[in-house]
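Structure record follows, encoded as structure tokens.
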Amino acid sequence: MEEETVWIQQALAGDQEAFACLVKAYQTAVYNLAYRMLGNAAEAEDAAQEAFLKAYTRLNTYNSERKFSSWLLAIASHHCIDRLRQRRFALSLDELPPWRWLSSSRRPEEVVIRSEERDEVRQLLAQLPPHYRAAVILRYWHDLSYQEIAEATETTESAVKSTLYRARRMLAQGTLAHQNKQAVSLSQRAVAEG
Amino acid sequence: MTSCQDVGRLMSLALDQSLTQSEARCLEEHLRQCPTCQEEWESMQRVSRLFADAPLMEPPPGFADRVMRRVAQRQARRQRLLAGAALLVVCLSLVALALPETIRWLALLWQVITEPYLLSHGAKMVAQLLDLAEALGRACWLVTTALSSSLNQPVLLGYSFLVLVLTALWIRLVAGRRGGYRPVVNNV
């Protein structure tokens, strides 16, 4: 942790090598957040790079009483939320809930590929509104406390609890609806065949 | 009896291991009696396990280098902008400093140009100046022809040669000094 403080001070004095150390230390965290938020590798890389650039230019606003990782992840999540809002009206396949994918009869080979666990995670996250998504990712992949998520998303601790509850309920109900739909179609097929 | 919505909040807290003992008992009791919530709880647990097991995504190779390249580019652009802004400030300051003096000179010049005497007698004065220049030219020519006729040709040639040599020496001295300048570099 002391090493990190030294890097921050040196980077503030204009030392780019010190900032490179910070980038190497947090590249996985920032990239993972961007990837989970945006759902594709190319956009995630660009967003993660932008997040680091913003951190570099705003380093003088960093308050050393806060955890550097929380501060950095806050910048990255805000940037990703902005990007998601910008593409809100351009509906992409990533935005579709998983049951719509699975009920699609157009490309069955793709359905099989998409049913892999990694894609399931991606599709589940894609159902959530941007700020719900950010809270869930910070909780599960970055193990941030309610307080830290509240700081990162500029809300209160109780708002974070409420957001996580709503997001989890949305995910659970979406999955249940999908399972029920699958069960109905299976029973209809069985009736048709039998 | 706790409502299904309150139980939903308790489920979320339970997934984060943030329940008190009494809340945990309350949740357990409700789930035993409510199949809808039980189904939702199982679904929530499944999604939670899926997320908890999903690994951190690693950035592609060379990611940190690409970030640092962009940082360096942005820094260079920022410095260029700062230098441009500084230059602009200097130029504006110089203009601001020189402006009153320039205005004063322009006003004076305007006053001279618009002088009634100058306007009416301008052409006459120019003619007089040309006459003066012609007279000076004639005088120079007379001096030269007088020198060439009174002195011997070799003396005149020698005198001209001496002037040329002295001029060449002076040029060489000045040019040599300019070309010979090298900045001091400390090779540590």
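The values are calculated or read from the model by the stated rules, or taken from the named source; none is laboratory data. Only a predicted model underlies this, so the values are computations on that prediction, with no experimental measurement involved. Glycine also receives a Cβ, built like all others from the backbone with ideal geometry; neighbour counts cover every protein chain displayed. Note: areas computed on protein heavy atoms with side chains; ligands, DNA, RNA excluded. Shrake-Rupley method; radii C 1.70, N 1.55, O 1.52, S 1.80 Å.
Table for the structure above
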| quantity | calculated |
| --- | --- |
| Residues of the range A:22-39 that turn out to be touching an Asp or Glu at 6+ places or on another chain (Cβ under 8 Å) and open to solvent by 50 Å² or more (accessible area, probe 1.4 Å), as a count | 1 |
| Some residue of the range B:59-82 being in contact (Cβ under 8 Å) with a residue 12 or more places away in the chain, open to solvent by 70 Å² or more (accessible area, probe 1.4 Å) and under 30 Å from A:Leu125 (Cβ atoms) | no |
| Positions within the range B:62-108 being over 25 Å from the mean Cα position of the chain (by Cα) and within 14 Å of another protein chain (Cβ to nearest Cβ), in sequence order | B:Gly62, B:Phe63, B:Ala64, B:Asp65 |
| Answer residue from the range B:28-53, given it is farther than 16 Å from A:Leu171 by Cα and within 13 Å of chain A (Cβ to nearest Cβ) and is farthest from the chain's Cα centre (by Cα) among those | B:Pro35 |
| Matching residues, the range A:11-40, being more than 10 Å from chain B (Cβ to nearest Cβ), assigned to a loop (DSSP other than H, G, I, E, B) and not charged (D, E, K, R) | A:Ala13, A:Gly39, A:Asn40 |
| Residue within the range A:17-36 that is farther than 18 Å from B:Ala64 by Cα and in contact (Cβ under 8 Å) with a residue 60 or more places away in the chain present | yes |
| Per-region count, the range B:1-54, residues in a loop (DSSP other than H, G, I, E, B) and either open to solvent by 90 Å² or more (accessible area, probe 1.4 Å) or among the hydrophobic types (A, V, I, L, M, F, W, C) (or both) | 5 |
